[in-house]
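Take a look at the structure set out below.
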Amino acid sequence: MKLSQLKFFCTVVEHKTIAAAARELHCVPSNVTLRLRELEESLGGELFFRDKNRLYVNPKGRLFYQQARDIVAQAERSKQLFAGEHQHGLLNLGALDFSLVSHLPARIARLRRLQPHLHINVLSRDSLVLERMLIDSDLDLAITDGPIEHPLLASQKAFDERLVLLMPADAGEPDAATLAPLEFYTFSRECSFRLKVDHWLASRGLKPRMTLEMESYAAMAACVQAGCGVACVPGSLLPLILPAPGLKVVEMGEEGVSDLYFVWRRHQLSDELQTILAILARPG
């Protein structure tokens, strides 16, 4: 049974005669007759009563028409996935949590406006988890720190980013004496930012009273405001945190540069994904 046979059959039922169906299908009547015979042979039964040059759909034919019509309609809808300017399909996008607050909201809104037929799932994970999900094909695109050096992955720069220190306003410079009595709030070990922070502390011989993992930047800022400790946060979050009484920002210099990258599976950058990257990369 072929889809073309079902389409010919439905057209005959809807237009009543082979001649009318042939005009609708832009073919000769003998072609319609041949397709109907082939369909009946594949089914092992007749779909019409035949009276001279007339066809009358029989009871089985009427029931079969209901099913065939749905199959033809579904096939036409499926073809539309690949037609037109809008992207179709299901995109699984993963990103670092803070980027969904700072860099991405307006960009995702733009993507929804420009590609309304695209289904998109968005989730937040730490950077190492995002890489594993890409490798396992659980994600199509990730936005994480980089650049990524992995034989199965490719990347391009997405957004400027830097890490900064949030400190109590009355604290001194971030030296050993200042940090020794304070807590240090930072990322989980599943986030590669943590490696950068640990290296920054170790290279300066800095040892806070204790290092605590917090998955809430608001909680970090509140603890710093209370004078309990120091936090390391992405600079793009500062507009959401400041101005705030009791806080000051200390830049980490070149060591704090932590730009974000679009990452995807190598050799799987389709035309559709390139279009999506272009939309997400545009400022604002």
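Please treat every number below as a calculation from the coordinates, not as lab data. Quick caveat: nothing in here was measured; it's all calculated off a predicted structure. Cβ placement follows ideal geometry from the backbone for every residue including glycine, while neighbour counts extend to all protein chains displayed.
If you plug each phi of the range 46-52 into the Karplus form 6.51 cos²θ - 1.76 cosθ + 1.60 with θ = phi - 60°, what whole-Hz ³J(HN,Hα) values come out, in order, with x for Gly and Pro?
Couplings: 8, 9, 9, 7, 10, 9, 6 Hz.
Stretch Ala19-Ser78 to full length: gain in nm at 0.36 nm per residue minus the Cα-Cα span? Write down the numbers at each step before the final one.
Working: separation 59, 0.36 × 59 = 21.24 nm, distance 2.89 nm.
Extra length available between Ala19 and Ser78 comes to 18.4 nm.
Which shape class applies to the range 3-80: rounded if a/c is under 1.5, otherwise prolate when a/b exceeds b/c and oblate if not, where a ≥ b ≥ c are the square roots of the Cα gyration tensor eigenvalues? Intermediate values should be presented prior to the final figure.
Working: a/c = 1.73, a/b = 1.24, b/c = 1.39.
Here the range 3-80 falls in the oblate category.
Can you list residues from other chains, or at least 5 along the same chain, whose modelled amide H is less than 5 Å from the amide H of Asp145?
For Asp145, the qualifying residues are Tyr261.
In what order do Lys7, Lys16 fall by count of nearby beta-carbon atoms within 10 Å, going from fewest to most? Spell out each step's value before the answer.
On the way: Lys7 19, Lys16 13.
Ordered from fewest to most neighbouring Cβ atoms within 10 Å, Lys7, Lys16 come out as Lys16, Lys7.
What does the highest-first list of 109-120, 231-242 look like by mean Cβ count within 10 Å?
Most protected by this proxy first, the peptides run 231-242, 109-120.
Eigenvalues of the Cα gyration tensor times 5, then square-rooted: what semi-axes does that give for the chain, in whole angstrom, largest first? The partial results should precede the final answer.
Values: eigenvalues 859, 53, 46 Å².
They are 66, 16, 15 Å, listed from largest to smallest.
GNM, the chain, Cα, under 10 Å: largest mean-square fluctuation among Ala169, Ala73, Ala177?
Residue with maximal mean-square fluctuation among Ala169, Ala73, Ala177: Ala73.
Can you compute the charge dipole magnitude of the chain about its Cα centre, using +1 on each Lys and Arg Cβ and -1 on each Asp and Glu Cβ, nothing else charged? Give it in debye, rounded to the nearest 20. Write down the numbers at each step before the final one.
Numbers: 32 positive and 34 negative charges, 366 e Å.
Taking the Cα centre of the chain as origin, the dipole is about 1760 debye.
How would you rank 270-279, 47-56, highest first, on the average number of other Cβ atoms within 10 Å across their residues? Don't jump to the answer; show the numbers that get you there.
On the way: 270-279: 14.8, 47-56: 12.5.
Ranked from most to least packed, the peptides come out as 270-279, 47-56.
With each run of n ≥ 4 DSSP H residues scored as -39500 (n - 2.57), what mean residue ellipticity at 222 nm is computed for the chain after dividing by its residue count and rounding to the nearest 500 deg cm²/dmol?
Rounded to the nearest 500, it is -12500 deg cm²/dmol.
For labels at Ala281 and Leu242 in the simple 7 Å Cα→Cβ model, what's the distance in nm?
Between Ala281 and Leu242, the label points sit 3.0 nm apart.
With only Lys, Arg, Asp and Glu charged, each at its Cβ (+1 for the first two, -1 for the last two), find how big the charge dipole of the range 163-256 is about the Cα centre; round to the nearest 20 debye. It would help to have the intermediate numbers written out before the result.
Working: 7 positive and 11 negative charges, 25 e Å.
The calculation lands at about 120 debye.
For Phe9, Phe82, Phe64, what ranking results if the residue with the fewest other Cβ atoms within 10 Å of its Cβ goes first?
Details: Phe9 27, Phe82 9, Phe64 20.
Lowest to highest Cβ neighbour count: Phe82, Phe64, Phe9.
Give me, ordered by chain and number, the residues 5 or more places off Val230 or on other chains with an amide H under 5 Å from its own placed amide H.
When sequence neighbours closer than 5 places are left aside, the close amide H contacts are Glu183, Phe184, Tyr185.
Evaluate the relative contact order of the range 120-244 (contact order divided by residue number), counting alpha-carbon pairs under 8 angstrom at least 6 apart; express in whole percent. List each step's numbers first, then the result.
Details: 151 pairs, mean separation 37.3, N = 125.
Taking the mean separation of contacting Cα pairs over the length of the range 120-244, I get 30 percent.
Computed FRET efficiency, Cβ-Cβ of Leu152 and Met214, R0 30 Å: what is it to the nearest 0.05?
FRET efficiency, Leu152 to Met214: 0.40.
Non-local amide H neighbours of Glu161 (under 5 Å, H modeled in plane, Pro and chain starts lacking H): which ones?
Ser258, Asp259, Leu260
Using a Gaussian network model of the chain whose springs link C-alpha atoms within less than 10 Å, name the residue from Leu153, Leu63, Leu179 with the highest mean-square fluctuation.
Leu63
How far, in nm, would the chain grow between His26 and Glu41 when pulled straight, counting 0.36 nm per residue and subtracting the alpha carbon separation? Write down the numbers at each step before the final one.
Working: separation 15, 0.36 × 15 = 5.40 nm, distance 2.38 nm.
Working it through step by step, the gained length comes to 3.0 nm.
If packing is taken as the average count of other Cβ atoms within 10 Å, what order do 19-32, 135-148 fall into, highest mean first? Let's see the in-between values first.
On the way: 19-32: 15.7, 135-148: 19.5.
Final packing ranking: 135-148, 19-32.
Can you tell me the dipole magnitude for the range 3-80 around its Cα centre, using point charges on the Cβ only (Lys, Arg +1; Asp, Glu -1), in Debye to the nearest 20?
Numbers: 13 positive and 9 negative charges, 34 e Å.
For this selection, approximately 160 debye.
Could you work out the percent of alpha carbon pairs in the range 163-256 separated by over 20 Å, rounded to a whole number? Write out the running numbers ahead of the final one.
Working: 1123 of 4371 pairs.
Cα-Cα pairs in the range 163-256 separated by more than 20 Å: 26 percent.
Taking the number of other C-beta atoms within 10 Å as the exposure measure, put Lys196, Lys157 in order starting with the fewest. Could the numbers behind the result be given before it?
Details: Lys196 20, Lys157 12.
Ranked by crowding around the Cβ, least crowded first: Lys157, Lys196.
Can you count the Lys pairs in the chain with C-alpha separation below 30 Å, eight or more apart or on different chains?
18
Considering only the chain, what is the antiparallel percent among its DSSP beta bridges, to the nearest 5? Let's see the in-between values first.
Working: 24 of 41 bridges.
Antiparallel bridges make up about 60 percent of those DSSP assigns within the chain.
On a C-alpha basis, how far is the centre of the range 168-208 from the centre of the range 220-238 in Å? Whole number, if you could?
Result: 12 Å between the Cα centres.
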